[in-house]
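Have a look at the structure below before the remarks.
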Amino acid sequence: MKLGMLASSVMGFACLASSAAAADWPSFRGPHGSGVSNEKDLPTKWGDKENLVWKIDLPGPGASSPIIWGDKVFVTCYTGYGLNQKDPGKQEDLSRHLVCVDRKEGKVQWDKEIKAKLPEPKYSGFMANHGYSSSTAATDGERVYVFYGKTGVFAYDFDGKELWQADVGEKDFYWGTGTSPLVYKDFVVVNACVESGALIALNKKTGKEEWKMDGLKGCWGSPALVDVPGGKPEIVLSFPNTVRGFNPDTGKELWKCDGISESYLCPTVVSKDGVVYTIGARKKNALAVKAGGKDDVTASNLLWTKKVGSNVVSPTIYEDHLYWVDDGGEAHCLKAKDGDKVYAQQIEKAGGVYASITIADGKIYVATKKDGVFVLAAGPKFEQLAHNTLSDDSIFNASPAISHGCLYLRSDKSLYCIGKK
């Protein structure tokens, strides 16, 4: 499919942050999966004619976030089926795409298409909330790794050559899958709860299975790597009723802690200084647990629980506070040390939210489905700094990415680079 090319005429500038200040955004929620960037001097306000570096049309929709490494931006999409609920088309036409874009010029360098392994869940109900490309890619600077559910895990080099493909299960679920891969040492770790009820590590050079932890279910969150002070890193996921820590070198379970009482959980955990934070919805719960330990650590390591949460979005820890904006557009801030509420404030004019927040430069970037991007102050006092809209009338489901002094947004139609002139 031919890609729509440059749609903005403001190419006289680019994201020109110095190499010392610039940082790559290699995976879902950026460095360390935290949703936090250390970059400064980022835009607060933008629009179709303000602080828009470039815009390109994408081959199809998707809820995955862009990732950035050096001068390349990678994003996944889908085409052929599920573009319209009234007329979704035929599943045999469904394909996934990995698109590579030049970061400076905003031009597509290549587009790699993979036909879907069928059948996929029908495009209706919850499935129509996010479609068939919800997993964010990951890169180690040499290869790009993408997870397409039952269609498999794929690795590409930076020129778009397919290096390997690995199957991680044949099952599906009626609202699909959306977990993103984690790159750790020589492994690509995938939460294949839906596809095979397992956490799986693949060799990043060959795609060969290195370890597998079976018997998992109910978790739609991505694997999160947690640094443990004085100890070794752990992979942590939040499952129904339990938070569990795993050895990233072997997949062996290290510890577990009483978690959120739900039949399923979507949010990915975040951590700071060895403390893991997670949230859930419906019954609305949040908790903090100290990573490390052995076997059941509920009595010793569970720090606090609170009756507040969200169904889809993941939280972010920034300085001494835990933040998120829930599915209905209410902004939350808790004290990290004890979970006490600092504020819970509905953002005026903010409707549905599917994307997790991104924090940088003292700002919280909140992408809503249809109501634009809100910018809040990152601090213990609720303050709205800006409300930015574009003429794009499609859905924005992806969490914002930040790299080289610019903010990257994707909708079901387009990919945007936002930066100060």
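Using 0.36 nm per residue, how much length does the chain from Lys212 to Ser263 gain when fully extended, once their Cα-Cα distance is taken away? Walk me through the intermediate numbers first.
Numbers: separation 51, 0.36 × 51 = 18.36 nm, distance 2.30 nm.
Going from the current span to full extension adds 16.1 nm.
For Asn247 and His32, calculate 0.36 nm times their separation in residues minus their Cα-Cα distance, and state this gained length in nm to one decimal. Working shown, then result.
Details: separation 215, 0.36 × 215 = 77.40 nm, distance 1.68 nm.
Full extension from Asn247 to His32 adds 75.7 nm.
Neighbour counts of C-beta atoms inside 10 Å place Arg282, Arg410, Arg244 in the sequence Arg282, Arg244, Arg410, starting with the fewest. Counting neighbouring Cβ atoms within 10 Å and putting the fewest first, the residues His332, His321, His97 line up as His321, His97, His332.
Mean 1/r over all different Cα pairs, inverted: what Kirkwood radius does the chain give, in Å?
Working: mean 1/r = 0.0471 Å⁻¹.
Kirkwood hydrodynamic radius for the chain: 21.2 Å.
Highest average first, the peptides 258-271, 163-176 ordered by how many other beta carbon atoms sit within 10 Å of their residues are 258-271, 163-176.
Here the average projected area of the convex hull drawn through the C-alpha atoms of segment 297-351 stands at 4.4 nm².
Label separation (Phe173 vs Glu92): 3.0 nm, computed from points 7 Å beyond Cα along the C-beta direction. For segment 46-196, the Kirkwood estimate of the hydrodynamic radius, built from every pair of different alpha carbons, is 16.0 Å.
Between Lys161 and Thr44, full extension at 0.36 nm per residue minus the direct alpha carbon distance yields a gain of 38.4 nm.
Of the DSSP beta bridges with both residues in the chain, give the percent that are antiparallel, rounding to the nearest 5. Present the calculation step by step, with values, prior to reporting the outcome.
Working: 110 of 114 bridges.
If I count the DSSP bridges inside the chain, around 95 percent turn out antiparallel.
Report the FRET efficiency, 1/(1 + (r/R0)^6), for Gln346 and Lys205, where r is their Cβ-Cβ distance and R0 is 51 Å, rounded to 0.05. Efficiency for this residue pair is about 0.60. Here the spin labels are modelled as points 7 Å beyond Cα on the Cα-Cβ line, and at Gln85 and Phe126 they lie 1.6 nm apart.
Grab the DSSP H runs of the chain that are 4 residues or longer, score each as -39,500 (n - 2.57), total them, divide by all residues and round the 222 nm result to the nearest 500 deg cm²/dmol. Please list the in-between numbers first.
Working: 2 runs with 8 residues, N = 421.
Mean residue ellipticity, 222 nm, calculated: -500 deg cm²/dmol.
Values quoted throughout were computed directly from the atomic coordinates according to the rules given, and no laboratory measurement underlies them. The shown structure was predicted, so the numbers you read here are calculated from the model rather than taken from an experiment. Please note: Cβ atoms are built from the backbone with ideal geometry, for glycine as well, and neighbour counts cover all protein chains shown.
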